[in-house]
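S.K.: Structure incoming, see below.
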Amino acid sequence: MVHPNPDAGGAGSPLIEFRTLSKIYGTGTAAVAALRGVDLTIDAGEFVAFMGPSGSGKSTAMNILGCLDVPSAGSYRFSGTAVETLDRDARATLRRHYLGFVFQGFNLLARTSALENVELPLLYRRVGPRERHQRAAEALATVGLTGWETHTPNELSGGQQQRVAIARALVSLPTVLLADEPTGNLDTVRSHDIMHLLRDLNQTRGITVVMVTHEAEMAAYASRILSFRDGQLESSAAARGA
Amino acid sequence: MMLWNALLLGLREIRRNMLRSFLTVLGIVIGVAAVIVIVTLGTGATLQVKDQIGSLGSNMLIVRPGQRMGPGMTSTAPAFTVNDAAAITREIPNIVAVAPTNSQSATAIAGNANWATTVTGADNAFFTVRAWSLASGRVFNDAELRAGRAVCILGASVKRQLFGAQDPLAGTLRLNKLACEIIGVLVAKGQSTMGADQDDLVIVPLRTLQRRIVGNQDIRLLQLSVRDAADTDRVRTDLERLLRERRHLAKIEENNFSIMDMKEIMATMAGTTRTLTGLLGAVGAVSLLVGGIGIMNIMLVSVTERTREIGIRLAIGALEHEVLLQFLVEAVVLSALGGVLGIVVAVLGSLVLAHALGVPFVLEPGIIVLALLFSGVVGVVFGFYPARKAARLNPIDALRHE
């Protein structure tokens, strides 16, 4: 198993680098190219928003970035490690140590308390029970959910569930936080709460945040916007210049 | 450490999803219990039939005057005599014993209790031929047999009906008008294969019956015990020839007596029992299969609906084998729990049913192990296989699964 070592990349290389990355779903005439030769780089500490209409490839790019999916062609370097050469377990290990996920649908385990949901990543990292409880409680405090530890997802509002999901992503101290439409299921007030939280995490903790959204209002929280259209980056050059 | 983690995660999921866990366990319980109950009851019934056949005494020939008759027909054939029995003992080789008997229904009275039963006149050969021993007391002595004394030996049912738990020995039993001394009680043989109570009889010396109860010298039944290694067919032929001669039958006349060979009856019965056992095995196999399909269903459904959960676990950094180990733990724990509960339910159910059906309770360890193994394997395989399928998906595909 190739163990990724992002710290070995050195200061010169970017944290995330796509080179002519493609993703094709299906085969033959039914093949659909979701990404066609995307080049992008994201540096440590950035807050990047992927924007674009449905089917533009922004979510696909995010999933490949998060090692939840594999590219069809091209290369993806995470802190110098060629991710496309890693096997399943190595990709899982990379997720475990460096990535945190926040999804549109929250994806919390049902009938499982907020605290236990947040503890889960630590369980897979073999953190002992006492430290697990403590770190999970701290993560919940960070997202402002102290006092809600024993509630299960169906006893929490959408905004609270998304906070639990963010706490779960945070608890393992990830290098990158990946948020796929984190406000998609929330009303405006809750959406802004979540965006403030993400921006704070980016600014005060230096966590790199990559977010997919189709709302310009939410994308405005990012330090850089990458616009996708038909599987390609539309304005990366312009955005990078901005 | 990894196993401990998987155990923790697995048990937590079981506890958290009580209904799902309960349904899974229920499926396994029903599968296991159905098989064990069916086979246990079947084994008991088979054993009972075998016992009943055995209790008749093997290697026995039964000779009656007259041909076997249909309903409503009466025989005009003459009865046998004590001399016929003596001639058989004298002239036919390979005979262990001949028991000439006659019977009549009678009311047995003891104290203020009475019971309608059958009184059989016999000598001590009867006990040999029927392989019937005494629970207490003694058999007839020569003086009693010769003089036709008023002594009797009770069948277990008669003893129970008239004396209950009391000891009837040395007491007096009135058979119609004859008061006789009770000298022995037979061991219980239970129901015959045809359902009649074999223990519902009183035995008196043959001469006592002839002189003091029936009032004639007829022998209505000859029961012969043939030596174990002997050729029964040969004995039968000899017997037929001897009886035709003694009954002065001309060549063209048909036999006016019939010989029944218990071996033939037993062979038929044994065949029936074998068929029954085979049928039982088939029913057991089908219930095992049905139970297995039930377990398979519930496992497939419960794991498939958890594909998204598997996706979540993978996304937050679980390795494929960690997820699989957790599902394996869940499947093993649920299958084991279901198996053990199934055995408990099966044993209790079999006990109750065996009692209700009057069948002996015989637990076959083999079928318990088989049912347990089969359900366990089915539960684990079908709990594990869909989990493996889900864990091998790209995490994003598992996450998107609805």
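S.K.: What FRET efficiency comes out for B:L276 versus A:R125 if R0 is 51 angstrom and r is the Cβ-Cβ distance? Round to the nearest 0.05. Present the calculation step by step, with values, prior to reporting the outcome.
M.R.: On the way: r = 61 Å, r/R0 = 1.20.
Computed FRET efficiency for B:L276 and A:R125 comes out at 0.25.
S.K.: Using the beta-carbon distance between B:V344 and A:T152 and R0 = 30 Å, what value does 1/(1 + (r/R0)^6) give for FRET efficiency, to the nearest 0.05?
M.R.: Values: r = 33 Å, r/R0 = 1.10.
Once rounded, the FRET efficiency stands at 0.35.
S.K.: May I ask you to evaluate 6.51 cos²θ - 1.76 cosθ + 1.60, the Karplus curve with θ = phi - 60°, for each residue of the range B:140-149 and list the ³J(HN,Hα) values in order in whole Hz, giving x for glycine and proline?
M.R.: 5, 9, 4, 4, 4, 5, 5, 8, x, 6
S.K.: While we're on this one: Could you check the spin-label model distance between A:D187 and B:N297? Points 7 Å from the Cα along Cα→Cβ, value in nm.
M.R.: 4.4
S.K.: Averaged per residue, what accessible area in Å² does the protein assembly as shown show with a 1.4 Å probe, protein chains only?
M.R.: Working: 29090 Å² over 644 residues.
Each residue of the protein assembly as shown exposes 45 Å² on average to a 1.4 Å probe.
S.K.: Name all residues of the range A:98-139 having a backbone nitrogen under 19 Å from the label point set 7 Å from the Cα of B:W4 along its Cα→Cβ direction, giving them as ranges.
M.R.: Flagged as within label range: A:119-135.
S.K.: Would you work out which of B:A371, A:L108, B:F80 lies farthest towards the positive end of the dipole of the protein assembly as shown? Charges go on Cβ: Lys and Arg +1, Asp and Glu -1.
M.R.: In the protein assembly as shown, that residue is B:F80.
S.K.: Still on this structure: Select from A:A34, A:I16, A:M195 the residue farthest towards the positive end of the dipole of the range A:11-241; place +1 on Cβ of Lys and Arg, -1 on Cβ of Asp and Glu, and compute about the Cα centre.
M.R.: With unit charges placed on the Cβ atoms, the residue in question is A:I16.
S.K.: Per residue of the range A:168-175, what does 6.51 cos²θ - 1.76 cosθ + 1.60 with θ = phi - 60° give for ³J(HN,Hα)? Whole Hz please, x for Gly and Pro, Karplus curve as stated.
M.R.: Coupling constants for the range A:168-175: 5, 6, 6, 4, 8, 6, x, 6 Hz.
S.K.: Normalised by the residues of chain B, what does the relative contact order come to in percent, with Cα pairs under 8 Å and at least six apart?
M.R.: 30
S.K.: State the extension gain, in nm to one decimal, for the chain segment bounded by B:A165 and B:V82, taking 0.36 nm per residue of separation less the distance between their alpha-carbons.
M.R.: Extra length from B:A165 to B:V82 when fully extended: 26.2 nm.
S.K.: In debye, nearest 20: dipole of chain A around its Cα centre with unit charges on the Cβ of K, R (+) and D, E (-)?
M.R.: So the magnitude is around 420 debye.
S.K.: Going by average Cβ neighbours within 10 Å, how do the peptides B:249-255, B:266-272 rank, with the highest at the top? Spell out each step's value before the answer.
M.R.: On the way: B:249-255: 9.0, B:266-272: 13.9.
Ranking the peptides B:249-255, B:266-272 by packing returns B:266-272, B:249-255.
S.K.: For the pairing of chain B with chain A, what total accessible surface becomes buried, with a 1.4 angstrom probe, in square angstrom to the nearest 100?
M.R.: Details: alone 20660 and 11160 Å², together 29090 Å².
Using a 1.4 Å probe, the pair buries roughly 2700 Å².
S.K.: Mind pulling the angle between the C-alpha long axis of helix B:365-391 and the longest principal axis of chain B? Nearest 10 degrees, somewhere in 0 to 90.
M.R.: 20
S.K.: Taking chain B as the reference, fit the longest principal axis to its C-alpha atoms, fit the long axis of helix B:262-304 to the helix C-alpha atoms, and give the angle between the two in degrees, 0 to 90, nearest 10.
M.R.: With rounding to tens, the tilt is 10 degrees.
S.K.: Between A:R205 and A:S54, what FRET efficiency comes out of the Förster formula 1/(1 + (r/R0)^6) with R0 = 25 Å and r the beta carbon distance, rounded to 0.05? Before the final figure, lay out the partial values.
M.R.: Numbers: r = 32 Å, r/R0 = 1.27.
FRET efficiency, A:S54 to A:R205: 0.20.
S.K.: Any idea how far apart B:L11 and A:A141 come out in nm if each label point goes 7 Å out from Cα toward Cβ?
M.R.: Going by the 7 Å Cα→Cβ label model, 3.0 nm.
S.K.: Something else now. Positive end of the dipole of chain A, charges at C-beta (+1 Lys, Arg; -1 Asp, Glu), about the Cα centre: which of A:V127, A:G147, A:L186 has its Cα farthest in that direction?
M.R.: After comparing all options, I get A:V127.
S.K.: Give me the percent of the accessible area of the range B:78-255 that comes from carbon and sulfur atoms, probe 1.4 Å, all protein chains in place.
M.R.: 47
S.K.: Now for a separate question. Run lengths n ≥ 4 of DSSP H only: what is the helix-derived mean residue ellipticity at 222 nm for the protein assembly as shown, with -39500 (n - 2.57) per run over all residues, to the nearest 500?
M.R.: On the way: 20 runs with 305 residues, N = 644.
The per-residue figure over the protein assembly as shown is -15500 deg cm²/dmol.
S.K.: Note every residue of the range A:90-134 with a reduction of at least 50 square angstrom in accessible area, all protein chains present versus the isolated chain, computed with a 1.4 Å probe, or write none.
M.R.: A:R95, A:R96, A:N107, A:L109, A:R111, A:E116, A:L123, A:Y124, A:R126
S.K.: When the dipole is taken about the Cα centre of chain B, and only Lys, Arg (+1) and Asp, Glu (-1) are charged at their Cβ, what size is it in debye, to the nearest 20?
M.R.: 380
S.K.: Here is a follow-up. If you average the alpha carbon positions of the range B:222-267 and of the range A:136-184, how far apart do those two centres end up, in angstrom?
M.R.: For the range B:222-267 versus the range A:136-184, the Cα centre distance is 95 Å.
S.K.: Right, another one. Could you tell me how many degrees, from 0 to 90 and to the nearest 10, lie between the Cα long axis of helix B:82-91 and the main elongation axis, the longest principal axis, of the Cα atoms of chain B?
M.R.: Once rounded, one gets 70 degrees.
S.K.: Only Cα pairs under 8 Å and at least 6 apart count here; give the relative contact order of the range B:78-255 as a rounded whole percent.
M.R.: Relative contact order, the range B:78-255: 32 percent.
The values are calculated or read from the model by the stated rules, or taken from the named source; none is laboratory data. Remember, it's a predicted structure, so these values are computed and weren't measured experimentally. Cβ: placed from backbone, ideal geometry, glycine included. Neighbour counts: every protein chain shown. Ligands, DNA and RNA are stripped out before the accessible areas are found, and what is left, the full protein with its side chains, is counted by its heavy atoms. Shrake-Rupley method; radii C 1.70, N 1.55, O 1.52, S 1.80 Å.
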